[in-house]
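Novice: Quick one: the structure is below, questions incoming.
The values are calculated or read from the model by the stated rules, or taken from the named source; none is laboratory data. Quantities reported herein were computed from a predicted structural model and do not represent experimental measurements. Heads up, the Cβs are rebuilt from the backbone with ideal geometry, glycines too, and the neighbour counts pull from every protein chain shown. What goes into the accessible areas is simple: the full protein's heavy atoms, side chains included, and nothing from ligands, DNA or RNA. Shrake-Rupley method; radii C 1.70, N 1.55, O 1.52, S 1.80 Å.
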Amino acid sequence: MGSIRSRRRLLVAVGTVLALGAGASACGSSGDGGGSGGSGSAQGKKVRLITGVKSDPFYITMTCAAQAEAKAKGMDFTADGSAQWDVSVQRPLLDSTAASRPDGLLISPVDTSALTPSLKQIQSAGTKVALVDTTVTDTSVGITRISSDNEKGGRVAADALAKLMNKKGSVIVISVKPGVSTTDARIKGFTEEMAKYPDIKVLPTLYDNDLPATAASQIQSTLAAHPDLGGVFAGNTNTGQGIATGLKQAGKEGAVKVAAFDAEPDEIASLKAGTLQVLVAQDPTAIGRQAVDQLANAFEGKSVSKSIGTNMVAITKDNMNEPSVSKYFYKSQC
């Protein structure tokens, strides 16, 4: 699901590729948390990855990249993920991993605070923790945090929708649930940017608990209550799929403009069909690869970047066949 941290505003014309800042910041070097002190080797280190939702192409793409990078460095790598976006589902995976005492853990926490005690415990036992895609509020957790600039992605979505809506009408955000670092940031960026368009009314955000059927029902109810609805921002992939279904059932596909996060196979198909108009794609390949690289740096006593932001692009029907854009499409298998 996706967090780079730069804050400068980027206005975008629909159909152009967005290079949303891709910098690394604040290299750290203190004890277990910073990756300095003494030489070592990444060869043979036991590294585990726990993703947010195992079946999600975003996380599949990330896992493929991390696995390939770990193999190249001679690491003992395995991956698992939650069956659904829920603390009660991810916690047993984390507990099982902690019991195996890996040298390194890559994890996409499904909540900003609920898993913090467990993460601090595994970290204090000597496992080097890297947060990928999502984060936790406690900054003492993790030697590195690697993700997309979700606030900026939300702002990009707002500007793209405003343009498509001719800067008037009602717009709504439908997202997963409160308390997820990536989607919370997307909503924040979207609502702040949309406030710059006085003739667009932003309706209260709805949450679908990551269930496409719920999103479909919510968009249909919103259409009935707000006939002037001109745009929707989908907070993640499942929500985007549900919105596309709901609009199609209501006979409003194309009439109501939709900006969605990610570039999963179903979303690409919806973009081609004209049900979705803009996809704000992340770079899960870079997230997975760089997370393994940062763990390797820590094992080898090199500097570790505490925060790394990865690129994003805006994909439209007009530019989706360009190689520089299509390389951001997500995979359903390695």
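Novice: For segment 151-285, what % of the accessible area comes from carbon and sulfur atoms, probe 1.4 Å?
Specialist: 52 percent
Novice: A further question on this structure: Using the Cα atoms of segment 175-225, I'd like the radius of gyration and the largest Cα-Cα distance, Dmax, both in angstrom.
Specialist: 12.2, 32
Novice: Note down the net charge around T61, summing +1 for each Lys or Arg and -1 for each Asp or Glu among other residues with Cβ under 15 Å from its Cβ.
Specialist: Local net charge: -4.
Novice: So what does log10 I(q)/I(0) come out to for the chain at q = 0.08, 0.11, 0.13 Å⁻¹, using the Debye formula with one equal point on every Cα and no solvent?
Specialist: -0.36, -0.66, -0.89
Novice: Whole percent per 10 Å bin, from 0 to the bin with the longest distance: what is P(r) over all C-alpha pairs of segment 109-163?
Specialist: 23, 41, 19, 13, 4, 0
Novice: Given that compact globular proteins tend to follow 2.2 N^0.38 Å, what is the ratio of the alpha-carbon Rg of segment 266-334 to that value? Present the calculation step by step, with values, prior to reporting the outcome.
Specialist: Details: Rg = 15.8 Å, N = 69, 2.2 N^0.38 = 11.0 Å.
Taking N as the residue count of segment 266-334, the ratio is 1.43.
Novice: Using only the alpha-carbon atoms of segment 109-263, report the extent along each of the three principal axes, biggest first, to the nearest angstrom.
Specialist: 56, 31, 24
Novice: Between segment 39-98 and segment 250-273, what is the C-alpha centre distance in whole Å?
Specialist: 30 Å
Novice: Which entries of K168/K252; K73/K306; K272/K331; K73/K302; K152/K317 have Cα-Cα distances beyond 19 Å here? Each step should come with its number before you reach the end.
Specialist: Details: K168/K252 17 Å; K73/K306 21 Å; K272/K331 17 Å; K73/K302 15 Å; K152/K317 21 Å.
Table pairs above 19 Å Cα-Cα are K73/K306; K152/K317.
Novice: First select every other residue whose beta carbon is under 12 angstrom from the beta carbon of S82; then total the charges, Lys and Arg +1, Asp and Glu -1.
Specialist: -3
Novice: Now a separate question. In segment 180-287, if every C-alpha pair distance is counted and binned at 5 Å from zero, what percent goes to each bin?
Specialist: Calculated P(r), rounded to whole percents: 2, 12, 24, 25, 22, 12, 3, 1, 0.
Novice: Roughly how large, in nm² to one decimal, is the mean projection of the convex hull of the alpha-carbon atoms in segment 89-186?
Specialist: 6.9 nm²
Novice: Rg and Dmax of segment 30-141, using alpha carbons, in Å: what are they?
Specialist: Radius of gyration, then largest Cα-Cα span, for segment 30-141: 13.5, 40 Å.
Novice: Quick one: 3J(HN,Hα) in Hz for segment 196-208, Karplus 6.51/-1.76/1.60 with θ = phi - 60°, rounded, Gly and Pro as x.
Specialist: Values, residue by residue: 7, 10, x, 9, 10, 9, 8, 7, x, 5, 10, 10, 10 Hz.
Novice: Quick one: net charge of S270's neighbours, Cβ under 12 Å, K/R +1, D/E -1?
Specialist: With Lys, Arg at +1 and Asp, Glu at -1, the net is -2.
Novice: While we're on this one: Determine the calculated [θ] at 222 nm for the chain from helices alone, applying -39500 (n - 2.57) to every DSSP H run no shorter than 4 residues and normalising by the residue count; nearest 500 deg cm²/dmol.
Specialist: The helix-only estimate for the chain comes to -11500 deg cm²/dmol at 222 nm.
Novice: Another question about this same structure. Would you mind calculating the relative contact order of segment 78-132 from Cα pairs under 8 angstrom and at least 6 residues apart, reporting the percent as a whole number?
Specialist: Working: 49 pairs, mean separation 20.8, N = 55.
Relative contact order for segment 78-132 comes out at 38 percent.
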